[in-house]
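Presented below is the structure to which this report refers.
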Amino acid sequence: MSWKTLDDLDLAGKVVLTRVDINVPVQDGRVSDDTRITRIVPTVRDILAKGGKPVLVAHFDRPKGKVVPEMTLRVTLPALEAALGQPVTFAREDFKPAVAAMMPGEVMLLENIRFFPGEEQNDPAFAQDLADLADVYCNDAFSAAHRAHASTEGVAHLLPSCAGRLMEAELRALDAALGQPARPVVAIVGGAKVSTKLELLSHLTRKVDMLVIGGGMANTFLAAQGHDVGRSLCEHDLADTARAILAEASAAGCEIILPSDVIAATEFAAGAEHATVAADAVPGDRMILDAGPDTIARIITAFEGAKTLIWNGPLGAFEITPFDHATLTTARAAGRLTQDGRLVSVAGGGDTVAALNQAQVTDQFTYISTAGGAFLEWMEGKTLPGVAALEQGN
Ligand code: ADP
Ligand code: MG
């Protein structure tokens, strides 16, 4: 980790172009969930405290390089002002004179940067226009770091650059889980389909000591091992791929945990008739919707023997009861071990975050990433352009 932080740069009197992610949900013209807005507050406050002038750059929705009035970032202004406890100046266009007129203590938000075609094209001339506005660049948008855009990547090469507080926290947490983790490391990959997580599975077999494969994707592995999975969600055409992943794991010394018993139900519906059966004895007319008690116990034993846990994807159809049981029970065990100081636990992914909320363990895990696509690409071992640009430094 070789990037700078806000502590490493002199910001007094400097304009700090600050990339944030405030792409928040909006209903009836109002921000309906301000989580992303409240999470950037420490960065903005610290810039102000060091005498800097924060100029916030962000995108909203997908205007695709054109001015789409319904996608104005102005809609976030009241929530932003409330979170910061101070007025925020909105610059609709003509950014240069607006920034030049900023007073000490002032915070400015620029209009949706994706209104400009140069943003997503990472056009060097547009990146230079952005750089010309400021003295320093601060990137606090980890969740946008998997995109090489002018405001996330291009401009980082043109100004002295640093990570904001949120970016810093995210990178430290992720490094603790996969960069330089305390071993043994156990990973859980669950969710619906193998096909969406091939690169993830294959990367993890080379990185972790134990890999739990759960959820719908475990069915593909069970079928590849010759078990009848009945009417379960299963990608039968990926049997060879599944066997190749198991072979890779074995070559890398990564132990695989697949379900030994499962909850087999008559239909995909809350309260559907169900029974616990061995993974090799699923009735032909049933579908696997969750992991069984023996599997849950084996997963918890794996947690107890591990020092680090990294988790993406639920172990069952957690949206419908009682098929949330394995996900919630193992999540609570991980939460307890973390609170006892025995486990570093990091998780991310859209449905995973929802499942962990449902388990009420959000405050117990070491870190839960809400970064979505950027988190998955990081977990796949990919270089995130926005992070790489910070590391190369300037
Ligand atoms: P994430 O968004 O955290 O990356 P995914 O989108 O990959 O997770 O997977 C979540 C979905 O997987 C959930 O909708 C869940 O219902 C589904 N799922 C998990 N186990 C099963 C199963 N056995 N059968 C069908 N769907 C499942
Ligand atoms: Mg999902």
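The values are calculated or read from the model by the stated rules, or taken from the named source; none is laboratory data. Small disclaimer: the values here were computed from a predicted structure and weren't measured. We place every Cβ from the backbone using ideal geometry, glycine too, and count neighbours over all the protein chains shown. All accessible areas refer to the heavy atoms of the entire protein, side chains included, with ligands and DNA or RNA removed. Shrake-Rupley method; radii C 1.70, N 1.55, O 1.52, S 1.80 Å.
The H on the amide N of Val26, modeled in the peptide plane, is under 5 Å from the matching H of Ser32, each at least 5 residues off or on a different chain.
Label-to-label distance, Thr266 versus Ala354, with points set 7 angstrom from Cα along the beta-carbon direction: 2.6 nm.
Computed from label points 7 Å out along Cα-Cβ, the spacing between Arg62 and Glu273 is 4.3 nm. For the chain, lysine pairs separated by 8 or more sequence positions, or belonging to different chains, with Cα-Cα distances below 28 Å total 25.
Taking all protein chains as shown and a probe of 1.4 angstrom, Asp294 keeps an accessible surface of around 80 Å². For the chain, modelled as a GNM whose springs connect Cα atoms under 10 angstrom apart, the maximal fluctuation among Pro69, Pro293, Pro117 occurs at Pro69. Plainly put, region 258-365 has a radius of gyration that is 0.99 times its Kirkwood radius, both from alpha-carbon atoms, as the Rg/Rh ratio. What relative contact order, as a whole-number percentage, does region 187-285 give when Cα pairs under 8 Å and 6 or more residues apart are counted? Rounded, it is 29 percent for region 187-285. Across Cys162, Cys138, Cys254, mean-square fluctuation computed from a Gaussian network of the chain (C-alpha pairs under 10 Å connected) peaks at Cys254. Ligands, DNA and RNA left out, the accessible area of region 172-379 computed with a 1.4 Å probe is 50% carbon and sulfur.
Our helix-only sum for the chain, with -39,500 (n - 2.57) per DSSP H run of n ≥ 4 divided by its residues, gives a mean residue ellipticity at 222 nm of -10000 deg cm²/dmol. Our estimate of slack between Glu93 and Arg183, defined as 0.36 nm per intervening residue step minus the Cα-Cα distance, is 27.3 nm.
If both residues of a DSSP beta bridge must be in region 172-379, then about 30% of such bridges are antiparallel. Based on C-alpha pairs under 8 angstrom that are at least 6 apart in sequence, the chain has a relative contact order of 16 percent.
Contact order, relative form, for region 172-379: 21 percent (alpha carbon pairs under 8 Å, 6 or more residues apart, mean separation divided by residue count). Note on Arg332 and Ser195: the extension gain reaches 46.5 nm, defined as 0.36 nm multiplied by sequence separation minus the Cα-Cα distance. Placing pseudo-labels 7 Å out from each Cα toward the beta carbon at His236 and Arg45 gives an inter-label distance of 5.8 nm. Separation of region 302-357 and region 147-191, taken as the distance between their Cα centroids, equals 21 angstrom. Solvent exposure of the chain amounts to 41 Å² per residue of accessible area, where only protein heavy atoms count and the probe is 1.4 Å.
A 1.4 Å probe over all protein chains sorts Arg114, Arg231 by accessible area into Arg231, Arg114, starting with the largest. Comparing mean-square fluctuations of Arg286, Arg165, Arg62 from a GNM of the chain with C-alpha springs under 10 Å, the top value falls on Arg62. Mean projected area of the Cα convex hull of the chain, taken over all directions, amounts to 20.1 nm².
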